[in-house]
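Take a look at the structure set out below.
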Amino acid sequence: MTTPSLLILPGDGIGPEVMAEVRKVIDWYGAKRGLAFDVTEDLVGGAAYDAHGVPLTDETMAKAQEVDAVLLGAVGGPQYDTLDFSVKPERGLLRLRKEMDLYANLRPAQCFDALADFSSLKRDVVAGLDIMIVRELTSGIYFGEPRGIIREGNERVGINTQRYTESQIARIARSAFELARKRNNKVCSMEKANVMESGILWRDVVTEIHDAEYPDVALSHMYADAGGMQLCRWPKQFDVIVTDNLFGDLLSDVAAMLTGSLGMLPSASLGAPMENGRPKAMYEPVHGSAPDIAGQGKANPIACILSFAMALRYSFDEGAEADRLEGAIETVLASGLRTADLMGPDGGTPASTTEMGDAVLAALNASL
Ligand code: IPM
Ligand code: MG
């Protein structure tokens with residue numbers, strides 16, 4: 001077997017700081033578990049714009065297509081807010097998702113026991129929570145045509161288009177059902193079939209795929225607005241939630257708050273299998289670039305480290321090593337170590353970004 005390759009794109013804001021901690025974890029796996037990776041690093045977002053005038057160069061895009069997995073930190077910052085839309089940092093991220101055709105975005109929301117009192121919801125509502133949001137990532141209103149700002153008479157009109165083909169819905173439905181079979185065998189599909197034709201088609205296709213291929217999985221449907229409400233009322237009713245690009249963006253932020261901190265949440269974006277059988281894949285924390293705390297050693301590296309754990313599980317078939325890494329993080333949290341975002345009801349021991357990363361390495365060592 002050739003050494004698996006990773007392209008690391010730290011990006012902007014806290015991206016480089018949290019990614020530095022992930023690099024330590026990657027090196028640890030090479031040194032201690034015989035799991036070496038061929039790592040290259042490159043620019044994305046504002047960092048790429050500053051160096052090259054675009055948020056992602058064609059060369060970097062080509063590299064992303066070749067590697068076994070991409071790890072991305074975060075993109076964006078206030079200094080880029082006034083840039084033309086076409087070169088905003090976010091366009092780099094959206095280009096990666098679109099050109100690699102990473103249609104299945106897996107966003108787990110898990111509440112670590114040590115953090116159950118940190119959520120804005122009551123402990124019994126969130127303790128033990130373990131749900132998976134499967135967000136469609138390469139179609140829908142984010143990419144539909146026509147789009148733009150046009151003139152109509154003497155005013156401007158902003159236009160975006162929600163568009164889903166049957167095959168786009170079918171493949172994300174299959175991703176959700178496959179995942180559910182490895183979890184608690186339940187899928188809740190969310191759309192707005194009461195007001196949107198794309199929602200009617202979504203519900204139809206998800207139901208067809210279910211009845212024909214996954215009758216053993218329990219399927220339910222919910223309007224996405226009610227789904228947001230139910231996520232806050234009693235999130236433990238859900239196992240896998242499957243939804244479109246925009247609703248998935250919103251609902252995954254809601255789910256994030258259930259777990260206590262956005263600084264805890266990883267994600268995987270997966271596409272079709274490559275020649276070597278591995279899916280096209282990019283892994284990134286759900287949190288953004290947090291420019292207000294960038295460069296101060298305050299950022300929580302856990303979401304980014306957990307994203308690497310997802311890479312171990314979904315790209316490299318190393319489920320047991322992913323469990324080891326998640327277990328190390330659980331140990332560190334249980335010991336009371338807390339980055340700034342986690343300083344809550346129980347006080348805890350303050351830790352910087354690098355101290356948190358070092359503690360994860362120590363827990364990994366202790367796990368051997
Ligand atoms: C996310 C983010 C992105 C999105 C932005 C940065 C383009 O909010 O990954 O959830 O809207 O998809
Ligand atoms: Mg979002």
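The values are calculated or read from the model by the stated rules, or taken from the named source; none is laboratory data. Only a predicted model underlies this, so the values are computations on that prediction, with no experimental measurement involved. Backbone-built Cβ (ideal geometry, glycine too); neighbour counts: all protein chains shown.
Taking the criterion of being within 21 Å of ASP253 (Cα to Cα) and either within 16 Å of ligand 1 (Cβ to nearest atom) or loosely packed, with under 12 Cβ neighbours inside 10 Å (or both), the residues of segment 135-185 that qualify are ARG135, GLU136, LEU137, THR138, SER139, GLY140, ILE141, TYR142, PHE143, GLN162, ILE172. Filtered by the rule that a residue be in a helix (DSSP H, G or I), in contact with an Asp or Glu (Cβ under 6 Å, 6 or more places away or on another chain) and aliphatic (A, V, I, L, M), segment 1-48 gives a lone residue, ALA47.
Exactly one residue among GLY227, GLY260, GLY271 is farther than 29 Å from GLU99 by Cα, in contact with a Phe, Trp or Tyr (Cβ under 7 Å, 6 or more places away or on another chain) and crowded, with 17+ Cβ neighbours inside 10 Å, and that residue is GLY260. Reported count of residues in segment 235-260, each being at pLDDT below 90 and hydrophobic (A, V, I, L, M, F, W, C), is 3. Could you tell me whether GLU145 is in a strand (DSSP E or B) and among the acidic types (Asp, Glu)? Here the answer is yes, as GLU145 does meet what is asked.
Scan segment 202-220 and tell me whether some residue there is away from ligand 1 (no atom under 16 Å from the Cβ) and in contact with a Cys (Cβ under 7 Å, 6 or more places away or on another chain). Yes, that holds for at least one residue. Taken together, THR207, THR243 contain a single residue that is of a type in the set (Ser, Thr, Tyr) and free of Cβ contacts under 8 Å to residues at least 40 places away in the same chain, which is THR207.
Please work out if SER307 is among the hydroxyl-bearing types (Ser, Thr, Tyr), within 15 Å of ligand 1 (Cβ to nearest atom), in the same structural domain as LEU361 (by TED's automatic domain parsing) and assigned to a helix (DSSP H, G or I). Taking the combined requirement at face value, the residue satisfies it.
Listed by position, the helices (runs of 4 or more DSSP H) enclosed by segment 49-136 that each have at least 3 residues that are farther than 28 Å from GLU275 by Cβ are 89-99, 123-126.
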